[in-house]
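J.: Have a look at this one.
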Amino acid sequence: MTTTAAPLDVTALRADFPILSRTVRDGKRLVYLDSGATSQRPTQVLDAEKAFLQQHNAAVHRGAHQLAEEATDAYEGARQRIADFVGADFGELVFTKNATEGFNLVAYAMGNAATSGPEAARFVVGPGDEIVVTEMEHHANLVPWQQLAQRTGATLKWFRLTPDARLDLSDVDSVITPRTRVVAFTHQSNVTGVINPVDVLVAAAQKVGALTVLDACQSVPHGPVDFHRLGVDFASFSGHKMLGPSGIGVLYGRRGLLEALPPFITGGSMIELVRMEGSTFAPPPQRFEAGSPMTSQAVGLGAAVDYLSVVGMERVHAHEHALTVAALEGLGAIPGVRLIGPQDAVDRGGAVPFEIEGVHPHDAGQVLDSLGIAVRVGHHCAWPLHRCLNAQSSVRASFYLYNTLDEVDALVDGVREAQKFFGVA
Amino acid sequence: MQLQQMYQEIILDHYKNPHGRGLRSPYDAESFQVNPTCGDEVTLRVHVVDDVVQDVSYDGQGCSISQASTSVLTDLVVGKPVGEAFEKMDAFVELMQGRGQVEPDEDVLEDGIAFAGVAKYPARVKCALLGWMAFKDAVARSQGAA
């Protein structure tokens, strides 16, 4: 992706994130390189949540009083702005607890399709049907599909990885077949940052009439994403990875599909008519938002997309790309460091996983932590991916708009420090 | 420096030169334990004769803390009656869960007292206990089979 826009003024922008100026571990400057796990929130988001709670707080979609009206406006206004941000229509976004719930919503609703009305027939899966995933998936977009296969008797199939951790699409037509009902895959790997060719997978799925479910957790926060243009049927992402609050995620579903999809979680707010003998359900998105929804979290996420829109997602992507290039160069030049996944920054977001020969990732993370550098260690909820790449676990540095080249240098120095501490350099 | 408090020389020595490592026979029971957050794993066997731990052998992949603590474990329990081995285990678990507030008894835990600093890092407590959980499970299995 190229951009002609001016680069980010990171110094100015960092002033919006109070947490970035705190110190850790006896006065060390915090170097936060774990935004792939969760991002930090700017004061604009925190203030929006606080203002909502101090001025407008009420249960939404119920109550005839002024606060209820204002709260509902704030909640639905956030939905509209988030929809605009990801190239979707207002009624195509469902608020969930997190992205994981979004995947489960689709998987469970599909499981419920067999006992729902004729309009749900297109979602029915059973013996003989196939569900396709990839070895690259975060457990959130893998385990729900394993479970759906188990519950319905469908078969789970998956795309394998090439040695450099990209999707092996050489056998698309033997993995996606006329028996395929769902193709669930990630837009951008949470471990390696690899960006997948959504167009290829969507075209293959559409050819056989299969539904596509996109894990957009790592793509929506870090670059421009337009779900209509991508042509996927469903997509899920989370608020806390994009400067927003935790406790809120978003499920996107194409309008016609959401209208036909049976509910997952049932109860208050999602009904149309309730009698003792049975109930009918509200149209989407309310059909999928049972119970009292999150309110200040939705407002906070609305403020987060406002913030990101002002910054510009092209610029965010370009900035992280520069950091990734620098990290690959810096880490790659250290003897004894193995970069996991692609060795270059082509079609890749801002995540860099690596191993240090003779230093277990957990120990490396501990040394980095003692220097104030926060990274993720472990398998990052992508155990199969690590197995494919012959890594038991890894250290992952992940970047966001507020990170600097200085911080990349600190990481590289920290890795050398870890080698020294464990006597392998 | 905090790092040295955690990674005592004793721990690094056990990590680099682990005691009792490798899977051996005879054994009465085996336990496989995994730390789901990081994927670290250990397979541990026990050989118990007349209620005395005759051998503990193990293999696994893990960080310095988990590997060193399993190495220390073999020093502490091999040749001991099961009851005494479990007393040591309880003392080690208490130390690890004490958030740095528990004063370890060197007569009981020997090299194990080096892990006192690890107890201040909640994320690493599971690492230190991985081998011990495998030991507890393997002994229970050996007794169940008897």
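J.: Tell me the Kirkwood hydrodynamic radius of the stretch A:172-232 in angstroms, computed as one over the mean inverse distance between distinct C-alpha pairs.
T.: With all distinct Cα pairs of the stretch A:172-232 included, I get 12.0 Å.
J.: Work out the charge dipole of the protein assembly as shown with +1 on the Cβ of Lys and Arg and -1 on the Cβ of Asp and Glu about the Cα centre, then indicate which of A:Gly267, A:Leu328, A:Ala282 is farthest towards its positive end.
T.: Value: A:Ala282.
J.: Okay, next question. Quick check on chain A: helices-only [θ] at 222 nm, where DSSP H runs of length 4 and up contribute -39,500 (n - 2.57) each and the sum goes over total residues. Nearest 500, please.
T.: -11000 deg cm²/dmol
J.: So for each of B:101-112, A:37-48 I average, over its residues, the number of other beta carbons within 10 Å; can you give me the resulting order with the highest mean first?
T.: A:37-48, B:101-112
J.: Mind running the shape call on chain A? Use the C-alpha gyration tensor, a ≥ b ≥ c as the square roots of the eigenvalues: rounded below 1.5 for a/c, prolate if a/b tops b/c, oblate otherwise.
T.: The shape class here is oblate.
J.: May I have the count of lysine pairs in the stretch B:2-145 with C-alpha atoms under 18 Å apart, counting pairs 8 or more residues apart or located on different chains?
T.: Step by step, the pairs that qualify in the stretch B:2-145 add up to 5.
J.: Spelling out what I want: for every residue of the stretch A:335-348, take phi, set θ = phi - 60°, compute 6.51 cos²θ - 1.76 cosθ + 1.60 (Karplus), and round to whole Hz; glycine and proline get x.
T.: Couplings: x, x, 9, 10, 6, 8, x, x, 8, 10, 9, 6, 6, 8 Hz.
J.: I've got another one for you. List the equivalent ellipsoid semi-axes of chain B in whole Å, largest first, each obtained as the square root of 5λ for an eigenvalue λ of the Cα gyration tensor.
T.: 24, 16, 13
J.: Grab the beta carbon distance between B:Ile10 and B:Phe32, set R0 = 35 Å, and tell me the FRET efficiency rounded to 0.05.
T.: Efficiency at R0 = 35 Å is approximately 0.85.
J.: When a/c is below 1.5 the answer is rounded, else prolate if a/b is larger than b/c, else oblate, so apply that to the stretch A:277-388 with a ≥ b ≥ c taken from the square roots of the Cα gyration tensor eigenvalues.
T.: It is prolate, given that a/c is not under 1.5 and a/b is the larger ratio.
J.: Provide, for chain A, the number of lysine pairs with alpha carbons under 23 Å apart, each pair being eight or more places apart or on different chains.
T.: Counting lysine pairs in chain A gives 5.
J.: Relative to the compact globular guide of 2.2 N^0.38 Å, what is the alpha carbon radius of gyration of the stretch A:76-152, as a ratio?
T.: Here the Cα radius of gyration is 1.28 times the empirical estimate.
J.: For A:Thr155, which sequence-distant residues (separation of 5 or more, or a different chain) have an amide H within less than 5 Å of its own amide H, given hydrogens modelled in the peptide plane?
T.: A:Gly128, A:Asp129, A:Glu130, A:Ile131
J.: Take chain A, connect every pair of alpha-carbon atoms lying under 10 Å apart with a spring to form a Gaussian network, then pick out the residue of A:Gln286, A:Gln55, A:Gln218 with the largest mean-square fluctuation.
T.: It is A:Gln55.
J.: Classify the stretch B:43-106 as rounded, prolate or oblate, taking a ≥ b ≥ c as the square roots of the eigenvalues of its Cα gyration tensor: rounded when a/c is under 1.5, otherwise prolate if a/b is larger than b/c and oblate if not.
T.: Oblate, because a/c is 1.5 or more while a/b does not exceed b/c.
J.: So for the protein assembly as shown: antiparallel DSSP bridges make up what percent, rounded to the nearest 5?
T.: 70
J.: Can you run phi through the Karplus equation (6.51, -1.76, 1.60; θ = phi - 60°) for the stretch A:358-365 and list ³J(HN,Hα) in whole Hz, with x for Gly and Pro?
T.: Here the 3J(HN,Hα) series is x, 10, 5, x, 5, 6, 4, x Hz.
J.: About its Cα centre, what dipole magnitude does the stretch B:2-145 give when the only charges are +1 on Lys and Arg Cβ and -1 on Asp and Glu Cβ, stated in debye to the nearest 20?
T.: That gives a dipole near 580 debye.
J.: What number, in percent, do you get for the relative contact order of chain B if the mean sequence gap of Cα pairs under 8 Å and at least 6 apart is divided by its residue count?
T.: For chain B, the relative contact order is 29 percent.
J.: Over all residues in A:356-365, what is the mean tally of Cβ atoms on other chains that come within 10 Å of each residue's Cβ?
T.: The shielding value for this peptide is 5.
J.: Here is a further query. If one computes P(r) from the Cα atoms of the stretch A:207-320, what percent of pairs lie at distances over 20 Å?
T.: Every Cα pair in the stretch A:207-320 considered, those over 20 Å come to 52 percent.
J.: Further question: Give the average, rounded to an integer, of partner chain Cβ atoms located within 10 angstrom of each Cβ in A:390-401.
T.: Neighbouring Cβ atoms belonging to other protein chains average 1 per residue here.
J.: What residue among A:Gly300, A:Gly349, A:Gly223 shows peak mean-square fluctuation when chain A is described by a Gaussian network model with Cα springs under 10 Å?
T.: A:Gly223
J.: What would the Debye equation give as log₁₀ I(q)/I(0) for the stretch A:103-229 at q = 0.14, 0.20 Å⁻¹, counting only Cα atoms as equal point scatterers?
T.: Rounded to two decimals, the profile gives -0.59, -1.18.
J.: What is the local net charge at A:Phe421, summed over the other residues whose Cβ is closer than 15 Å to its Cβ (Lys, Arg +1; Asp, Glu -1)?
T.: Value of the local net charge: -3.
J.: What distance in nm lies between label points placed 7 Å from Cα along the C-beta direction at A:Glu357 and B:Gln101?
T.: Going by the 7 Å Cα→Cβ label model, 4.5 nm.
J.: Separate question: Dipole of the protein assembly as shown, Cα-centred, from +1 at each Lys and Arg C-beta and -1 at each Asp and Glu C-beta, to the nearest 20 debye?
T.: The calculated dipole for the protein assembly as shown is roughly 980 debye.
J.: Hey, in the GNM for chain A with a 10 angstrom Cα cutoff, which one of A:Pro342, A:Pro127, A:Pro283 fluctuates hardest?
T.: In this elastic network of chain A, the residue with the biggest mean-square fluctuation among A:Pro342, A:Pro127, A:Pro283 is A:Pro127.
J.: Let me ask something else about it. Could you list which residues have their amide H under 5 Å from that of A:Met270, counting only those 5 or more apart in sequence or on another chain, with H placed in the peptide plane?
T.: A:Gly291
J.: When the convex hull of the Cα atoms of the stretch A:1-134 is projected onto a plane and the area is averaged over all directions, what value comes out in nm²?
T.: Answer in nm², one decimal: 15.1.
J.: Let me check against my output: what whole-number percent is the relative contact order of the stretch A:47-309, with C-alpha pairs under 8 Å and at least 6 apart?
T.: With pairs under 8 Å counted, the relative contact order is 25 percent.
J.: Right, here's the next one. Quick one: angle between helix A:313-332 and the longest Cα principal axis of chain A, in degrees between 0 and 90, rounded to 10, please.
T.: That works out to roughly 40 degrees.
J.: If you don't mind, there's one more thing I want to ask. Based on DSSP H runs of at least 4 residues, each adding -39500 (n - 2.57), what is the mean residue ellipticity at 222 nm of chain B after dividing by all its residues, to the nearest 500 deg cm²/dmol?
T.: It lands at -15000 deg cm²/dmol.
J.: Based on the Cβ-Cβ distance of A:Val310 and A:Val24, what FRET efficiency does E = 1/(1 + (r/R0)^6) give at R0 = 35 Å, to the nearest 0.05?
T.: Efficiency, rounded to the nearest 0.05: 0.75.
J.: Tell me, what ³J(HN,Hα) does each residue in the stretch B:7-13 have, in order and in whole Hz, if you take phi through Karplus 6.51 cos²θ - 1.76 cosθ + 1.60 with θ = phi - 60° and put x for Gly and Pro?
T.: 8, 4, 3, 4, 5, 5, 4
J.: Summarise the partner chain shielding of B:32-40 as one whole number: the mean count of Cβ atoms from other chains within 10 Å of each residue's Cβ.
T.: That average works out to 5.
J.: If you don't mind, there's one more thing I want to ask. What percent do you get for the relative contact order of the stretch A:291-376 when only Cα pairs under 8 Å and 6+ apart count?
T.: 20
Where a number appears in this text, it was derived from the coordinates with a stated rule and is not lab data. Just so it is clear, the model here is predicted, and its values are computed rather than measured. Glycine also receives a Cβ, built like all others from the backbone with ideal geometry; neighbour counts cover every protein chain displayed.
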